[in-house]
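One structure below.
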Amino acid sequence: MSDPAPPVATGMRRWLVGYLFVAPAVLLMGAGLIYPVVQGLLLSMQDWAVGTPMSTAEFIGADNYLRMLRDENVQESMWVTFKFGFFTITIEMTLGVALALLLEKPIRGASIFRTIFIMPLMISPVVVGLVWRYLYDARAGWINHYLELAGFEPLIWLGEPHLAFFAIVFTDIWQWTPFVFIIVIAGLQALPSEVLEASRIDGANTWQQIFLVKLPMIRSILIIALLLRIIDVFKGLEVMLIMTEGGPGLATELLSLHVYKTAFDAQQLGYAAAISVLLLLIVFALSLAILLISNPMKSRADV
Amino acid sequence: MRIESTKTRMTFHYAGLIALSIICLTPIYIMISTSFKNEVVIFDGNPVWFFFFPTIQNYVDIIGDSHFDRYLVNSIIVGVSATLITLTTGGMAAYALARMQFPGRQSIANGALLVRMIPPAVLAIPAFAVSIVLGIANQLSGLIFFYTALNLPFAIWLLYGFVKQVPIELEEAAIVDGATPWQVFTRVLFPVMKAGYAVTGIFVFRIAWNEFILALLLTDRTTRTLPVATSLFLTDAGPEWGRIMAMGTLIVIPPLIFTFFSARQIIAGMTAGAVKG
């Protein structure tokens, strides 16, 4: 199959029209995304502090990168990011897929439930962070109150490293499990019913249907949901910034947040830019993986 | 027997969905209810779910003495401008990428998809530096500019899908009648793609409306947006929970309204990439 012939005039003029139509968007993305990233690359080889003129920044080559490789704080925040990603994504994917399999049958009222499930995704990360910070609050928080009711000691949730880490993991699971659930359920409901019917006639039981038919058939959806979640772990910082500011210590300082704090709390813009290049490379590699699995804009008749 | 088991299964099904709904809604409900409580009730330490004497004092406070109106107007200007510019330029690009042939087309499409994922933290450092150099630091136009750039890749991607759904015969007929590409874009495609523009607009507006990091870095006292203003209630003297929850409630109103009216389309947009593949 090839695309139908494009309905626009022929030859060079046709090309020119195409360029004119993409030009504004390309210019905006170039100036607002590519140019800053290139600036960031240049900055990563300089020593520049906030508040001083950029012209006074000193070129120091690969020093920032060498420093980054030895920096224990960078390693620590990589480790925190890895742990955070491991726990949140394992639980979100397991819960999301399990719930989708349990509840996939189309039922009356499904649209109301769908509406409710995407609410945590639609509200501002700042608000999510604030609400959960309130719930975890040592003094006014609701969670401590119910702990006490159940006979436990109240805890300083956001002031103790392990508890703070648990708190941000739990918040992330609350916010993002519905996302996995919704993507997986969309995939399950799009499966051709004949295949499921055929496997049932062949005598497959429920478990066999799930593990040998359904999950393999939505494999690419599962992988993309997984990659999107991993990318978000590397992108996210707003909820953590509001809830814990990365603390106590570095207990909740994900890589993104570490970049942010290095730049704007420690005021080392050049060094932060170097760490951000590392972050960018990770996310870039993951995005490339998604593109290779499913490229929505790949046409069959390439120019 | 069979009917019985179906009935049991349906009950279980609904019970599961209702339990999940309660989990999703509880924090949001707590925020909204807390915004109507006075300090005494909030700091009493006894969570009150339903029975308290509601007060609008928190709303009176935030609207009265914190330049709330200015921040609200800033948020609206930034959100609406970024949305309109993104939809216009993104729509044009999506049309060209979906319907026209020119060298470099596939590269542009791939490039747009790759830059879709740039983490805000990566952009924040150079954006701060770039905006100082360009003199757009602390201006609403700077924020609009970066939000537009950030949203364009995803908007192009979504709109591309909507252009592809339009029967090409419509455009061919218009061209036979002598319509220029611009006329095809505005008079043929736009009317049949309104739903696509609406849902794309919701995504873009929501991100611009909710965004915090760039807004925190690129604005000052007069150009602050609502999320930034809200974060400032986390004072050293302790968080003012009543006001924070009132601000939070006001911030989530527009996204929740969109969710109510077009959950189905929003989900279609969210799952488009994953499910079509």
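The values are calculated or read from the model by the stated rules, or taken from the named source; none is laboratory data. All values reported here derive from a predicted model rather than from experimental measurement. Cβ atoms come from the backbone with ideal geometry, glycine included; neighbour counts cover every protein chain shown. The protein model used for the area step is the full one, side chains on, heavy atoms only, and it has no ligands, DNA or RNA in it. Shrake-Rupley method; radii C 1.70, N 1.55, O 1.52, S 1.80 Å.
Output the residues belonging to segment B:140-191 that are within 8 Å of chain A (Cβ to nearest Cβ) and either open to solvent by 60 Å² or more (accessible area, probe 1.4 Å) or not in a helix (DSSP H, G or I) (or both).
B:172
Determine whether segment A:99-109 contains at least one residue that is more than 7 Å from chain B (Cβ to nearest Cβ) and under 30 Å from residue A:272 (Cα atoms).
There is no residue in segment A:99-109 that is more than 7 Å from chain B (Cβ to nearest Cβ) and under 30 Å from residue A:272 (Cα atoms).
Residues checked against (1) touching an Asp or Glu at 6+ places or on another chain (Cβ under 8 Å); (2) closer than 27 Å to residue A:94 by Cα; (3) within 9 Å of chain B (Cβ to nearest Cβ):
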{"site": "A:212", "(1), (2), (3)": "no, yes, no"}
{"site": "A:221", "(1), (2), (3)": "no, yes, yes"}
{"site": "A:226", "(1), (2), (3)": "no, yes, no"}
{"site": "A:229", "(1), (2), (3)": "yes, yes, no"}
{"site": "A:233", "(1), (2), (3)": "no, yes, no"}
{"site": "A:248", "(1), (2), (3)": "yes, no, no"}
{"site": "A:256", "(1), (2), (3)": "no, yes, yes"}
{"site": "A:259", "(1), (2), (3)": "no, no, yes"}
{"site": "A:263", "(1), (2), (3)": "no, no, yes"}
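Among the listed residues B:137, B:96, B:127, identify the single one that is open to solvent by 20 Å² or more (accessible area, probe 1.4 Å) and more than 12 Å from residue B:153 (Cα to Cα).
When all the criteria are applied, what remains is B:137.
May I ask you to verify whether residue B:113 is in contact (Cβ under 8 Å) with a residue 24 or more places away in the chain and either at the interface with chain A (Cβ under 7 Å from one of its Cβ atoms) or assigned to a loop (DSSP other than H, G, I, E, B) (or both)?
Spelling it out, residue B:113 is indeed in contact (Cβ under 8 Å) with a residue 24 or more places away in the chain and either at the interface with chain A (Cβ under 7 Å from one of its Cβ atoms) or assigned to a loop (DSSP other than H, G, I, E, B) (or both).
Out of the residues in segment B:230-248 that are open to solvent by 10 Å² or more (accessible area, probe 1.4 Å) and either modelled with pLDDT of 90 or more or farther than 22 Å from residue B:29 by Cα (or both), which is nearest to the other protein chains (Cβ to nearest Cβ)?
Among residues in segment B:230-248 that are open to solvent by 10 Å² or more (accessible area, probe 1.4 Å) and either modelled with pLDDT of 90 or more or farther than 22 Å from residue B:29 by Cα (or both), the one nearest to the other protein chains (Cβ to nearest Cβ) is B:238.
Identify the residue in segment A:200-246 that is in a loop (DSSP other than H, G, I, E, B) and open to solvent by less than 50 Å² (accessible area, probe 1.4 Å) and, among all such residues, is nearest to residue B:271 (Cα to Cα).
A:218
Hey, among the residues in segment B:27-58 that are part of a helix (DSSP H, G or I), open to solvent by 40 Å² or more (accessible area, probe 1.4 Å) and modelled with pLDDT of 85 or more, which one's farthest from residue A:98 (Cα to Cα)?
Ranking the candidates gives B:32 first.
Any chance segment B:216-225 includes a residue that's farther than 30 Å from residue B:39 by Cβ, modelled with pLDDT under 90, more than 11 Å from chain A (Cβ to nearest Cβ) and part of a helix (DSSP H, G or I)?
yes
Could you go through segment B:194-212 and let me know if any residue there is of a type in the set (Ser, Thr, Tyr), within 11 Å of chain A (Cβ to nearest Cβ) and assigned to a helix (DSSP H, G or I).
Checking segment B:194-212: not a single residue is of a type in the set (Ser, Thr, Tyr), within 11 Å of chain A (Cβ to nearest Cβ) and assigned to a helix (DSSP H, G or I).
Residue A:29 passes all but one of (1) closer than 17 Å to residue A:259 by Cβ; (2) open to solvent by 10 Å² or more (accessible area, probe 1.4 Å); (3) touching a Pro at 6+ places or on another chain (Cβ under 9 Å); (4) without any contact (Cβ under 8 Å) to a residue 40 or more places away in the chain; which number fails?
Of everything listed in (1) closer than 17 Å to residue A:259 by Cβ; (2) open to solvent by 10 Å² or more (accessible area, probe 1.4 Å); (3) touching a Pro at 6+ places or on another chain (Cβ under 9 Å); (4) without any contact (Cβ under 8 Å) to a residue 40 or more places away in the chain, residue A:29 misses just condition (1).
Residues that are more than 7 Å from chain B (Cβ to nearest Cβ), under 27 Å from residue A:249 (Cβ atoms) and touching a Pro at 6+ places or on another chain (Cβ under 6 Å), at least 1 per element: which helices (runs of 4 or more DSSP H) completely within segment A:112-199 meet that?
Here the list reads A:142-149, A:161-189.
Just wondering, is there one or more residues in segment B:80-102 that are touching a residue at least 40 places away in the same chain (Cβ under 8 Å), within 14 Å of chain A (Cβ to nearest Cβ) and charged (D, E, K, R)?
Yes, segment B:80-102 contains a residue that is touching a residue at least 40 places away in the same chain (Cβ under 8 Å), within 14 Å of chain A (Cβ to nearest Cβ) and charged (D, E, K, R).
Has segment B:188-206 got any residue that is among the basic types (Lys, Arg), touching a helix residue (DSSP H, G or I) at 6+ places or on another chain (Cβ under 6 Å) and within 26 Å of residue B:119 (Cα to Cα)?
Checked segment B:188-206: at least one residue is among the basic types (Lys, Arg), touching a helix residue (DSSP H, G or I) at 6+ places or on another chain (Cβ under 6 Å) and within 26 Å of residue B:119 (Cα to Cα).
Go through (1) more than 20 Å from residue B:228 (Cα to Cα); (2) assigned to a helix (DSSP H, G or I); (3) within 7 Å of chain A (Cβ to nearest Cβ) and name the single condition residue B:122 misses.
In the conditions (1) more than 20 Å from residue B:228 (Cα to Cα); (2) assigned to a helix (DSSP H, G or I); (3) within 7 Å of chain A (Cβ to nearest Cβ), residue B:122 misses (1) alone.
Answer yes if at least one residue in segment A:289-297 is surrounded by 18 or more Cβ atoms within 10 Å (Cβ to Cβ), in a helix (DSSP H, G or I), touching a helix residue (DSSP H, G or I) at 6+ places or on another chain (Cβ under 8 Å) and in contact (Cβ under 8 Å) with a residue 12 or more places away in the chain, and no otherwise.
Yes, some residue in segment A:289-297 is surrounded by 18 or more Cβ atoms within 10 Å (Cβ to Cβ), in a helix (DSSP H, G or I), touching a helix residue (DSSP H, G or I) at 6+ places or on another chain (Cβ under 8 Å) and in contact (Cβ under 8 Å) with a residue 12 or more places away in the chain.
Looking at B:62, B:23, B:76, B:18, which one is closer than 30 Å to residue A:139 by Cβ and either surrounded by fewer than 21 Cβ atoms within 10 Å (Cβ to Cβ) or of a type in the set (Lys, Arg) (or both)?
B:23
Looking only at residues that are without any contact (Cβ under 8 Å) to a residue 60 or more places away in the chain and among the acidic types (Asp, Glu) in segment B:155-201, which one is farthest from residue B:90 (Cα to Cα)?
Among those residues, the one meeting the criterion is B:177.
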